[in-house]
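Peer 1: Just passing along the structure, written as structure tokens.
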Amino acid sequence: MNDILPGDTPAWQALESALRTLMQTYSYQEIRTPLLEKTELFKRSIGEVTDIVEKEMYTFTDRNGDSLTLRPEGTASCVRACIEHGLLHNQQQKLWYMGPMFRHKRPQKGRYRQFHQVGVEVFGIPGPDIDAELILMSARLWRNIGLQDVRLELNSLGSPESRRAYRDILVDYLNAHAGQLDEDSRRRLGSNPLRILDSKNPDMQPLIEAAPTLYEHLDGASREHFEQLCALLDAAGIAYRINTRLVRGLDYYTRTVFEWVTDRLGAQGTVCAGGRFDGLVDYLGGKATPAVGFAMGLERLIALLQQQQQQPTVQAPHAYLVLVGEAAQAAGLPLAEQWRGDLPGLRLLVNCGGGSFKSQFKRADKSAAQVALVIGDAELEQEVVGIKPLRGDQEQQQLPRQQVGDYLAALVNAS
């Protein structure tokens with residue numbers, strides 16, 4: 001787990017602001033769920049025979065003897081909240097959330113054990129048009145933040161029935177090549193063989209590449225859904241590649257799955273991923289509801305933007321208020337509040353903790369403020385404020401106190 005320090009937070013704030021603006025553009029509503037849920041929720045939704053549940057969840061028993069887990073992803077919590085609060089019955093919901101998730105895995109570039117995700121979930125819309133809208137939404141985000149070198153991969157996992165039929169075909173193929181399976185794949189062969197297609201073991205790749213594909217065995221309705229989705233993306237000018245090996249890492253997906261991937265983050269190349277999970281609401285105790293969504297990791301997006309030198313810098317104060325003496329301190333703080341109230345957007349840093357005139361100017365210069373505003377005994381008596389530019393070669397001056405607001409407004413408007 002890692003700290004996000006003051007020098008890094010402007011990049012996070014800019015990305016979070018872009019995400020909130022994007023959600024408002026598409027009229028999606030925010031939902032906020034707890035960090036802790038009952039462990040059973042994730043076992044049921046994600047699947048017990050998954051790396052997340054078997055190896056990565058932070059799970060503990062609380063004082064009441066209940067098994068609780070720090071959320072490893074957001075979809076299950078969102079579905080649970082919608083069922084619990086009656087948000088799905090005869091309704092369409094377009095929701096989003098943002099916050100920390102937790103998985104115990106080997107840290108590497110762009111991946112930490114506490115990481116941050118933004119997720120989007122839509123309920124009650126069965127057609128490919130909403131699948132397309134989510135992909136278009138993510139594509140718009142890349143344009144808005146200037147993200148480059150990401151590409152879209154698509155697949156369809158079909159219906160549960162077609163996937164069960166394909167499962168038998170895949171198991172026959174894998175059993176015929178059992179000697180080439182690694183330990184994880186042999187364990188999954190009897191419980192979830194489709195997960196083998198998601199193996200990252202390079203020794204397994206030739207076997208996986210030669211396996212029969214689910215795409216070849218789609219049911220008619222799923223194939224039509226997928227073809228309509230592709231047609232919508234074609235009409236919108238969104239480039240994509242059909243990747244028949246794309247299965248995603250969670251059990252609840254059906255039909256559409258997609259990933260935005262990059263080659264700039266090494267092995268962790270997925271920037272945004274999602275798809276349909278039409279059976280999850282029913283599986284978790286609600287009424288059968290079509291659903292689709294995606295999630296993206298903020299650390300990975302920040303890392304990509306840093307590579308492209310799209311990282312915003314810390315915004316320096318417009319002005320630093322130097323207050324010399326107790327009387328100036330007493331008069332200066334109310335003045336600073338007045339200026340802040342009158343000028344939205346003003347970044348004013350007030351010297352606190354006393355100090356000599358010289359030491360306060362050193363702090364002012366270190367703050368990277370554009371000007372120092374100076375109030376001492378003489379300025380108080382004359383009801384003026386000293387203005388000393390800290391950048392450039394402008395002359396120092398004094399302004400009547402009532403004119404300082406206009407001076408600061410010009411600084412704000414120029415920035």
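Peer 1: For residues that are farther than 22 Å from Lys362 by Cα and not polar (S, T, N, Q), scanning just segment 385-402, find the one that is surrounded by the fewest Cβ atoms within 10 Å (Cβ to Cβ). Full working, then the answer.
Peer 2: Going through segment 385-402, the residues farther than 22 Å from Lys362 by Cα turn out to be 399-402.
Those still in the list that are not polar (S, T, N, Q) too: 399-401.
Working: Leu399: 15, Pro400: 10, Arg401: 16.
Once the filter is applied, the top-ranked residue is Pro400.
Peer 1: Name every residue in segment 32-71 that is modelled with pLDDT under 80 and aromatic (Phe, Trp, Tyr), in order of residue number.
Peer 2: Within segment 32-71, none qualify.
Peer 1: State whether the residues of segment 323-346 include one that is in contact (Cβ under 8 Å) with a residue 60 or more places away in the chain and in contact with a Ser or Thr (Cβ under 9 Å, 6 or more places away or on another chain).
Peer 2: yes
Peer 1: Kindly establish whether Gly297 is at pLDDT 90 or above and surrounded by 21 or more Cβ atoms within 10 Å (Cβ to Cβ).
Peer 2: Details: at pLDDT 90 or above: yes; surrounded by 21 or more Cβ atoms within 10 Å (Cβ to Cβ): yes.
When the stated conditions are applied, Gly297 passes them.
Peer 1: What helices (runs of 4 or more DSSP H) completely inside segment 219-318 contain at least 1 residues that are in contact (Cβ under 8 Å) with a residue 24 or more places away in the chain and under 19 Å from Pro126 (Cα atoms)? Quick ask: steps written out before the conclusion?
Peer 2: Working: elements: 220-236, 280-283, 298-307.
Result: 220-236, 280-283.
Peer 1: Continuing with this model, one more query. Within segment 375-415, count every residue that is touching a residue at least 12 places away in the same chain (Cβ under 8 Å), in a helix (DSSP H, G or I) and within 15 Å of Gln329 (Cα to Cα).
Peer 2: Within segment 375-415, residues that are touching a residue at least 12 places away in the same chain (Cβ under 8 Å), in a helix (DSSP H, G or I) and within 15 Å of Gln329 (Cα to Cα) number 3.
Peer 1: So, in segment 9-33, exactly how many residues are of a type outside the set (A, V, I, L, M, F, W, C), surrounded by 13 or more Cβ atoms within 10 Å (Cβ to Cβ) and touching a Pro at 6+ places or on another chain (Cβ under 9 Å)?
Peer 2: The total comes to 1.
Peer 1: Given the conditions (1) acidic (Asp, Glu); (2) in contact (Cβ under 8 Å) with a residue 24 or more places away in the chain; (3) in a helix (DSSP H, G or I); (4) under 30 Å from Pro206 (Cα atoms), and given that Glu133 satisfies all but one, which numbered condition is not satisfied?
Peer 2: (4)
Peer 1: Considering only segment 259-281, state which residues are hydrophobic (A, V, I, L, M, F, W, C) and modelled with pLDDT of 90 or more.
Peer 2: Start the filter on segment 259-281 by keeping residues that are hydrophobic (A, V, I, L, M, F, W, C), which leaves 260-261, 265, 267, 271-273, 277, 280-281.
Selection gives Trp260, Val261, Val271, Cys272, Ala273, Phe277, Leu280, Val281.
Peer 1: Limited to segment 78-113, what total is found for residues that are over 18 Å from the mean Cα position of the chain (by Cα) and assigned to a strand (DSSP E or B)?
Peer 2: Residues that pass the stated criteria total 1.
Peer 1: Looking only at segment 43-102, how many residues end up being surrounded by 13 or more Cβ atoms within 10 Å (Cβ to Cβ), touching a Phe, Trp or Tyr at 6+ places or on another chain (Cβ under 9 Å) and among the hydroxyl-bearing types (Ser, Thr, Tyr)?
Peer 2: Number of matching residues: 6.
Peer 1: Looking only at residues that are in a loop (DSSP other than H, G, I, E, B) and surrounded by fewer than 18 Cβ atoms within 10 Å (Cβ to Cβ) in segment 163-198, which one is farthest from the chain's Cα centre (by Cα)? Show your work before the answer.
Peer 2: Step one: filter segment 163-198 for residues in a loop (DSSP other than H, G, I, E, B), giving 177, 181-182, 190-192.
Next cut, surrounded by fewer than 18 Cβ atoms within 10 Å (Cβ to Cβ) only: 177, 182, 190-192.
Details: His177: 40, Asp182: 33, Gly190: 35, Ser191: 32, Asn192: 29 Å.
So, considering only residues that are in a loop (DSSP other than H, G, I, E, B) and surrounded by fewer than 18 Cβ atoms within 10 Å (Cβ to Cβ), the one farthest from the chain's Cα centre (by Cα) is His177.
Peer 1: Within segment 333-370, track down each residue that is exposed (fewer than 15 other Cβ atoms within 10 Å of the Cβ) and assigned to a helix (DSSP H, G or I). Steps first, please.
Peer 2: Step one: list which residues in segment 333-370 are exposed (fewer than 15 other Cβ atoms within 10 Å of the Cβ), which gives 333-334, 337-338, 341-342, 344-345, 352-354, 356-359, 362, 365-366.
Scanning segment 333-370 gives Leu333, Pro334, Glu337, Gln338, Gly341, Asp342, Phe357, Lys358, Ser359, Lys362, Asp365, Lys366.
Peer 1: Among the numbered criteria (1) modelled with pLDDT of 90 or more; (2) over 21 Å from Pro290 (Cβ atoms), which one does Glu121 miss?
Peer 2: (2)
Peer 1: Could you tell me which numbered condition Thr256 fails, if it satisfies all but one of (1) of a type in the set (Ser, Thr, Tyr); (2) buried (at least 17 other Cβ atoms within 10 Å of the Cβ); (3) at pLDDT below 90?
Peer 2: (3)
Peer 1: Also, quick follow-up: What strands (runs of 3 or more DSSP E) completely inside segment 1-77 contain at least 1 residues that are farther than 28 Å from Arg276 by Cβ and among the hydroxyl-bearing types (Ser, Thr, Tyr)? Full working, then the answer.
Peer 2: Numbers: elements: 36-38, 59-61, 67-70.
Ranges flagged: 59-61, 67-70.
Peer 1: Still on this structure: Please find, among Lys94, Lys55, Lys38, the residue that is over 24 Å from Tyr112 (Cα atoms) and touching a residue at least 12 places away in the same chain (Cβ under 8 Å). Lay out the reasoning, then the answer.
Peer 2: Working: Lys55 fails: over 24 Å from Tyr112 (Cα atoms); Lys38 fails: over 24 Å from Tyr112 (Cα atoms).
Of the residues listed, the single one that is over 24 Å from Tyr112 (Cα atoms) and touching a residue at least 12 places away in the same chain (Cβ under 8 Å) is Lys94.
Peer 1: Within segment 119-130, track down each residue that is of a type in the set (D, E, K, R) and closer than 19 Å to Glu30 by Cα. Can you show your working first?
Peer 2: Let us first name the residues in segment 119-130 that are of a type in the set (D, E, K, R), namely 121, 129.
The one that is of a type in the set (D, E, K, R) and closer than 19 Å to Glu30 by Cα: Glu121.
The values are calculated or read from the model by the stated rules, or taken from the named source; none is laboratory data. Please read these numbers as outputs of a predicted model, since none were measured by experiment. Cβ coordinates were reconstructed from backbone atoms using ideal geometry, including for glycine residues, and neighbour counts include every protein chain displayed.
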